[in-house]
Amino acid sequence: MTDLMTTMSLLLAATTIGAALMAIWGKRSLPIAILAAGLVSLLASVQFLLLAAPDVAMTEAAIGSGLTTFLFFFVLGRVRGGSND
Amino acid sequence: MTMLLDIIGGLLLVAGTAFLLFGGLGLVRMPDVFNRIQAGTKATTLGTLLTLAGATCLQPAWGVKLLLIGLFLLFTNPLSSQVLARAAHRSGAGKSEKTSIDRLEEDQRKKP
Amino acid sequence: MVDWLIHLAALFAGVAFLLALTRFIKGPSAADRVVAFDVLTIISITGIVLAALTEGRGIYLDVALVYALLSFLGVIVVARYLEGGF
Amino acid sequence: MSYIAMTTGFILILIGFYGALTNRNILRMIIAFTVANTGVNLVLVAVGYMRGRTAPILDAAVPVTEAAARIIDPIPQALVLTAIVIGVGVTALMLAFVYKLYATRGSLDISNYTELKW
């Protein structure tokens, strides 16, 4: 039983690090970096659930992945000229 | 009786995740954005609903919550796929060369 | 028997996760990545249901409920940005 | 299993600081700070995990009489719950500053803002 959880945790850890590298890599465009940061938050939320913290997972999914992505895209839509500085 | 229900639930789980696998395969293999939306949303919606049905067979006490999750998915997932397809069409996403009919573009050209 | 079936289901979900992640990494446009993000959220819902079945705690399903609402919100926001809204 | 999450958290913190130090665009720096924030939360929750125990929520699966032997410590989770909300507040403040800077100067490059250097 715990083998399944450990395997899921390893897969999530590798994917989280890959998405974080994609979020800070300067070559890609800015909306893709914001989506990758949202993916980091989403996968960290599943990791919180596997660490037996469902309340933290709920808050991270709603605020870290939903509200932060919304705020970033809201600001990015208003600074449309300077996004490739 | 409960043994039979367990086996039916497990088979439903495997069938649902097999549909998820086919959705992921279509997401990789399809040629352009609209076909990817088609493959990635419809197959995964059916797969998740089958998985929730299998979980209901395995644990009947959780039926109400699983039914609520299924209802939310059934309402929101086609809506989000339609909004995304419209946004991709308006932002000028590239179509595959096998696409021959585009009714939305014909309508927009008819009444500018 | 049922444990074996749950492990097989987790294997299928993991392979689907890796396929969707491939599309997220190499998708040419932003819309491809949004589709892959949506599919990753839905596969995560399946993973949460499997984790709840393994642990035997019904409280984990509330997180799946939040996810089902959240994928909708994220896709709507990014679609509004791609259309040139805000 | 908690060591996997703890290692992931530390690597996320390092990646976030590297991105915040090497990028020139202000929005990319804020994205990197968000990644580092998630890493700190992951490390804090992984510190509080105990092997073989379950979530600290009392329901039919965990009765009250045997709760103390079966649930993990809820204090780090409560701390992280506060940290997530404060993190989104800080992120919103930084984004508001970005909006005002772009409205006054018309650029997002950090090397154009040199008033505080001497």
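The values are calculated or read from the model by the stated rules, or taken from the named source; none is laboratory data. Quick caveat: nothing in here was measured; it's all calculated off a predicted structure. With ideal geometry, Cβ positions are generated from the backbone for all residues, glycine too; neighbour counts draw on all protein chains shown. The area values use the complete protein model at the heavy-atom level, side chains included, leaving out ligands, DNA and RNA. Shrake-Rupley method; radii C 1.70, N 1.55, O 1.52, S 1.80 Å.
For the residue pairs C:K26/D:K117; B:K42/B:K65; C:K26/D:K100; A:K27/B:K98; B:K95/D:K100; A:K27/B:K42, the alpha carbons lie more than 30 Å apart in C:K26/D:K117; C:K26/D:K100; A:K27/B:K98; B:K95/D:K100; A:K27/B:K42. Is chain C best put as rounded, prolate or oblate by its Cα gyration tensor, with a ≥ b ≥ c the root eigenvalues, rounded for a/c under 1.5, and otherwise prolate when a/b is larger than b/c, oblate when not? The shape class here is oblate. Overall, the accessible surface of segment A:9-85 at a probe of 1.4 angstrom is composed of carbon and sulfur to the extent of 66 percent.
Just tell me, in residue order, which DSSP H segments of chain B are both 27 angstrom or longer along the helix axis (alpha-carbon based) and at least 1.0 in mean Kyte-Doolittle hydropathy.
Numbers: long enough: B:2-29 (40 Å, 1.82); B:33-58 (37 Å, 0.75); B:63-90 (41 Å, 0.95).
Answer set is B:2-29.
For chain A, the longest principal axis of the C-alpha atoms and the axis of helix A:30-50 are separated by about 20°. Spatial offset of segment D:9-24 relative to segment D:76-102 amounts to 17 Å, using the alpha carbon center of each. Hand me the trypsin sites (Lys or Arg not before Pro) from segment D:1-55 located in a DSSP loop with no more than 12 other Cβ atoms within 10 Å, in residue order please. Within segment D:1-55, the qualifying trypsin sites (Lys or Arg not before Pro) (loop, at most 12 other Cβ atoms within 10 Å) are D:R51. From the square roots a ≥ b ≥ c of the eigenvalues of the alpha-carbon gyration tensor of chain A, which class results: rounded (a/c under 1.5), prolate (a/b over b/c), or oblate? Cα axes put chain A in the oblate bin.
From largest accessible area down, sort A:E60, C:E55; use a 1.4 Å probe on the protein chains.
The ranking, largest first, comes out as C:E55, A:E60.
In this simple spin-label approximation, D:L58 and D:I75 carry label points 7 Å from Cα along the Cα→Cβ vector, and these lie 1.9 nm apart.
When the helices of chain A are scored as -39500 (n - 2.57) per DSSP H run of n ≥ 4 and the total is divided over every residue, the value at 222 nm lands at -23500 deg cm²/dmol.
Can you give me the accessible area per residue for segment C:2-83, using a 1.4 Å probe, in Å²? Before the final figure, lay out each step's value.
On the way: 2340 Å² over 82 residues.
I get 29 Å² per residue for segment C:2-83.
Where the centroid of each part is defined by its Cα atoms, how far is segment B:68-85 from segment A:1-54 in Å? Taking the Cα centre of segment A:1-54 as reference, the centre of segment B:68-85 is 23 Å away. Build a GNM of chain D with springs between Cα atoms under 10 Å apart, and of D:A69, D:A83, D:A92 the one that fluctuates most is D:A69.
Of D:T22, A:T16, D:T34, the order by accessible heavy-atom surface (1.4 Å probe, DNA, RNA and ligands excluded), from most exposed downward, is D:T22, D:T34, A:T16. Between the helical axis of D:2-22 and the longest alpha-carbon principal axis of chain D there is an angle of about 10 degrees. Taking every protein chain into account, the 1.4 Å probe leaves D:T7 with about 80 Å² of accessible area, to the nearest ten. Could you work out how far helix C:30-55 tilts from the main Cα principal axis of chain C, as a 0 to 90 degree angle to the nearest 10? Helix C:30-55 and the main axis of chain C meet at about 20 degrees.
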